[in-house]
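Before any comments, here is the structure.
The values are calculated or read from the model by the stated rules, or taken from the named source; none is laboratory data. Here the structure is a predicted model, which is why all the values come from computation and not from measurement. Glycine gets a Cβ as well: all are built from the backbone with ideal geometry, and neighbour counts include every protein chain shown.
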Amino acid sequence: MDGHTPQRRFGTYLRLLRYLGPHLGLLGAAVAAACLAAAAGALWSRWVGPLLKSVLTQETVTVAGFTVGPSDLTWKLPLAVTAVALVKALFTWLHVGWMKRISQGVLLQLRTTVYQRLLTLAPRYYAQRHSGDLVARFTSDISQVEFAVGQALSSWVKDPLQVVAQLVVCAVIDTRLFVLAFFVVPAMAWPVSYFARALKKTARQGQAAIGSLTRLASEQLQNLTVVQAYRAEPVALARFDFEQASYLHVMKRSLFIRGAFTPALEVLGVIGVAVAVGFGVSVIAQEPALAEKLVSFLVAALLMYQPLKALSGTASQVSQGVAAAERLFEVLDTDEAEKSGVDPVPALSRELRLHDLGLVYPDGRVALRTVSLAITAGQTVALVGPSGAGKSSLLSVLLGLEAPSSGRATWDGVDLAHADKRTWRSQLAWVPQEPVLFSGSVRDNLLLARPDANEASLWVALRRAHAEAFVRALPKGLEEDVGERGSRLSGGQRQRIAIARAFLREPSFLILDEPTSALDAAAEAEVQQGLEQLMAGRTTLVVAHRLSTVRRADVIFVLDTGRLVGRGTHDELMARDGVYARLAGTGWAVDA
């Protein structure tokens, strides 16, 4: 069964319109402006017949309670027509401008809400989805929503008012002509409904297709070095062409439907006018006074054509906007947000303990199996194990990125499942093997750890991380742009910025993923000095890849296939001839 029923689509659009709440005052003003513009248009169509009769016969006529004679045709009539046109233009301009302000306000709120939700989603949500698809939702989908709450909503307000105003003119002119118009308008509105349903289907297919295309392009460009190294450009281009052809196939159908709509509406409009003329001619033969009314009626009918035609575009925009809004609401409605408790987490003073901790990923992979260990405050602890042992999974639990499937973790007796994640993470600092820097200045990357840090604090952190000298040597110092992912800095410089960021945090618990393992000897020596200062007096967990690091640890924990298989000092573990001894015997080939 199709989940995208008319009721669901209508509900989605209503949900989208709830974002108009803060803008109801301005929306009311925009509706009032549209009413005045429609009234001016109705006044014009009502005047046309009698005025044309006065021009052709030089007779005095009465228009809307005003008497117009041949002497008024020289300047009064042109002035009145110009005034009506100016009034209509003024209020149309106000309506359009106010509706655009409203749509931008709605988009600002929606964009902020979606991004705020993305920031709170658990890592496993992103592991099951491609970043390119999420980027497409955040960019192209929101652009489609802009039409639905901007131009489309403006059309929903303005165009029906114009149609109603012209129908009122038809009713005032002659009841018989009004009845005729009342049957013609629904006949013209039928294709709007039909094409809107067809466009809704193709719009959703088009959004999915462009999401796949964006996802593929993003992935290929992010890994361009691998593509080029394997001379896989033809394969990459072939995949891109396939996705693009799929998108083009959907768009061809969409463009065909859009292209067929306007001619169909025009044909119905011509048929309606032809019926009105035929009816009018037969009646005028018996009632000559109806001639001027027929002219006004035809003008009103023709003025109804443009708003009815605009509604076709509105239906198309709303269909695409609703399809895009459904994809955005899928993000907002996901229940995979991080769960946070209320218990505050102070600085670690006694111990961090894991009690029979287990972790199973949504796809069924078992990462940790009943792991129990204790880290005493002030200790330096090493975590070792072969590739796939569960080291990264254990770090994810400690960082609050994954919730245990079984067992629990306690921080000075506080169950971390009930802990407030903000205060918990405020006690942690993580320095990964590959430092993560963001586009922007050195200052921006440092303030990520403590937004309220002053200038002096930044330089102190850089000095303690042995990074002050090279930062001062940069052309713009703290304001120097580090480039995407820190590409304008060397590996050692990036790592020292990451260490300075950790110093700013002043954590009580430090997690190091062997941040010197990818550096050359010279850079490693500089970074190691900063790390030793950072570790001093702090509880530290090091994911160790080098024997030299492990030897300095107070306690070593050994993981294998998700289980804790050893604990002790280097000498103790070597004497037991277990997993640790085998790793050491192979030259300490430990993979992260």
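One residue is enough: does the stretch 314-332 have a residue meeting the conditions out of contact with any Phe, Trp or Tyr (no Cβ under 8 Å at 6 or more places or on another chain), at pLDDT below 75 and of a type outside the set (D, E, K, R)? Looking through the stretch 314-332, at least one residue is out of contact with any Phe, Trp or Tyr (no Cβ under 8 Å at 6 or more places or on another chain), at pLDDT below 75 and of a type outside the set (D, E, K, R).
Against the test of being touching a strand residue (DSSP E or B) at 6+ places or on another chain (Cβ under 9 Å), more than 15 Å from Leu510 (Cα to Cα) and not hydrophobic (A, V, I, L, M, F, W, C), the options Gly364, Gly390, Gly378, Gly400 yield a single qualifying residue, Gly390.
Screening the stretch 404-475 for helices (runs of 4 or more DSSP H) wholly inside it with 3 or more residues that are among the basic types (Lys, Arg) returns the ranges 421-426. Suppose we filter Ser155, Ser143 for residues that are small (Gly, Ala, Ser), assigned to a helix (DSSP H, G or I) and surrounded by fewer than 18 Cβ atoms within 10 Å (Cβ to Cβ); which single one remains? The unique qualifying residue is Ser143. The test for being in a helix (DSSP H, G or I), within 35 Å of the chain's Cα centre (by Cα) and on the phi > 0 side of the Ramachandran plot holds for Arg485. Scan the stretch 122-135 and tell me whether some residue there is closer than 17 Å to Pro22 by Cβ and either part of a helix (DSSP H, G or I) or free of Cβ contacts under 8 Å to residues at least 40 places away in the same chain (or both). The answer is no; no qualifying residue exists. Scanning the stretch 534-566 for residues that are within 41 Å of the chain's Cα centre (by Cα) and either small (Gly, Ala, Ser) or more than 23 Å from Val371 (Cβ to Cβ) (or both) yields Leu534, Met535, Ala544, Gly562. The sole residue among Leu437, Leu416 that is touching a Gly at 6+ places or on another chain (Cβ under 9 Å), closer than 30 Å to Asp356 by Cβ, in contact (Cβ under 8 Å) with a residue 60 or more places away in the chain and in the same structural domain as Met535 (by TED's automatic domain parsing) is Leu416. Evaluated against (1) in a helix (DSSP H, G or I); (2) touching a residue at least 60 places away in the same chain (Cβ under 8 Å), Arg496 falls short on exactly one condition, (2). The set of residues in the stretch 488-502 that are more than 29 Å from the chain's Cα centre (by Cα) and small (Gly, Ala, Ser) comprises Ser490, Gly491, Gly492, Ala500, Ala502.
When Thr561, Thr540 are screened for being touching a Leu at 6+ places or on another chain (Cβ under 6 Å) and among the polar types (S, T, N, Q), only Thr540 passes.
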